[in-house]
Amino acid sequence: MTDAMVTSKPKLTIHLADPRGFCAGVVRAIEIVERALEKWGAPVYVRHEIVHNRHVVDGLREKGAIFVEELDECPDDRPVIFSAHGVPKAVPAEAERRNMLFVDATCPLVSKVHIEAERHSARGLQIVMIGHEGHPETIGTMGQLPKGEVILVETVKDVAVIEPRDPEKLAFITQTTLSIDDTAEIVAALQARFPEIVGPHKEDICYATTNRQAAVKVMAPEIEALLVVGAPNSSNSQRLVEVGRAAGCPYAMLVQTAADIDWRAIEGVRSIGLSAGASAPEVLVDGVLNAFRERYDVDIRRVVTAEENVSFKMPRIMREPA
Ligand code: SF4
């Protein structure tokens with residue numbers, strides 16, 4: 001290729017969100033599976049995708065992990081790992097009953113919400129959980145308490161129709177990966193209808209969700225399009241797309257890899273934002289950047305809104321010798 005051809009590429013500024021991608025809970029969960037494979041050999045069973053990313057799951061599968069949806073798909077005599085999203089109490093209870101070797105890779109920030117729900121319940125409060133129906137984290141958190149003790153609300157509209165046992169004895173908790181702004185509206189509706197409702201001591205939406213949304217919000221006025229690297233079943237990735245749209249970005253799309261980029265849709269665009277959900281590995285972001293470099297004369301501007309230095313300890317069983 002001649003220099004003339006190189007310089008004839010159109011110019012594009014990529015606003016690169018920082019922080020983006022892997023959070024501490026995801027790093028820990030992946031490491032648990034990797035260490036389990038080293039410690040006990042293959043196969044190691046994993047209940048549900050350890051984190052919501054196909055690239056990660058496929059990589060672990062190649063190393064000997066077997067992904068299943070339910071515990072009854074696992075044999076008694078192989079280790080099983082519970083995903084970062086958390087599991088209902090019935091799951092470890094069943095693993096114990098079957099005398100299975102299991103490791104809980106639930107993110108400590110999800111476990112924190114579980115503990116909070118139990119504490120409220122022990123004080124006689126019924127729980128309202130703000131979350132997405134069917135998401136494994138919601139299922140896991142609701143499953144910390146007996147049926148009927150946790151009422152799920154997904155929208156402001158839901159708040160108007162719920163019928164708690166005693167409107168004066170309520171507490172709310174949230175999924176960790178929600179939109180900060182949408183959740184604030186739901187919380188306001190709950191507090192308006194149930195003035196006595198008790199909230200979390202510290203925000204349930206985690207630092208990683210908060211920081212990634214903040215970076216997208218900051219860049220939104222500067223960009224004509226936003227791409228978020230992440231999986232369709234990744235809640236925090238989907239929320240980043242929504243946050244971008246709500247902040248005024250005219251085109252915001254989720255892409256799993258560079259192959260998903262709709263080049264036609266962004267034709268003529270001169271500034272683009274790029275972020276990645278908490279379960280998306282950086283190698284996929286690099287793939288997207290390289291795809292842009294092939295087509296454009298790229299200028300990268302990092303949009304730094306927070307510095308993250310969070311890390312979580314391995315569960316004790318993974319620190320003990322085999
Ligand atoms: S997104 Fe937040 S809650 Fe979920 S695994 Fe990452 S740090 Fe934990």
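Any read-out appearing in this document is the output of simple, stated calculations on the displayed coordinates, not a laboratory observation. In this text, all values refer to a predicted model and were calculated from it rather than measured experimentally. Glycine also receives a Cβ, built like all others from the backbone with ideal geometry; neighbour counts cover every protein chain displayed.
Where Lys and Arg each count +1 and Asp and Glu each count -1, what net charge lies around residue 85 among other residues with Cβ under 12 Å from its Cβ? Can you show the working numbers first?
On the way: positive: 47; negative: 49, 104, 137.
Result for the neighbourhood of residue 85: -2.
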Extension gain from residue 69 to residue 166, taking 0.36 nm per residue of separation minus the Cα-Cα distance: 31.3 nm
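If N is the number of residues in the chain, what value comes out of its Cα radius of gyration divided by 2.2 N^0.38 Å? Kindly include the intermediate steps, with their values, before the conclusion.
Details: Rg = 21.5 Å, N = 322, 2.2 N^0.38 = 19.7 Å.
Rounded to two decimals, the normalised Rg is 1.09.
For segment 149-254, what number results from the quotient of the Cα radius of gyration and 2.2 N^0.38 Å? The partial results should precede the final answer.
Working: Rg = 15.6 Å, N = 106, 2.2 N^0.38 = 12.9 Å.
Rg over 2.2 N^0.38 Å, computed on Cα atoms: 1.21.
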With everything on Cα atoms, drop me the angle between helix 180-193 and the longest principal axis of the chain, reported from 0 to 90° to the nearest 10. 40 degrees
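So what's segment 30-176 giving for Cα Rg divided by 2.2 N^0.38 Å, two decimals?
Working: Rg = 17.0 Å, N = 147, 2.2 N^0.38 = 14.7 Å.
After normalising by residue count via 2.2 N^0.38 Å, the value is 1.16.
Suppose only helical runs count, i.e. DSSP H with n ≥ 4. What mean residue ellipticity at 222 nm does that imply for the chain under -39500 (n - 2.57) per run, divided by all residues and rounded to the nearest 500 deg cm²/dmol? Don't skip to the answer; put the middle values down first.
Details: 12 runs with 125 residues, N = 322.
My calculation for the chain gives -11500 deg cm²/dmol from helical runs alone.
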Part-to-part distance (alpha-carbon centres) for segment 58-132 and segment 243-322, which is given in Å: 28 Å
Ordered by packing density, taken as the mean number of other Cβ atoms within 10 Å over each peptide's residues, highest first, how do 267-274, 190-197 rank? 267-274, 190-197
About its Cα centre, how strong a charge dipole does the chain have in debye, to the nearest 20, once Lys and Arg get +1 and Asp and Glu get -1 at the Cβ? 460 debye
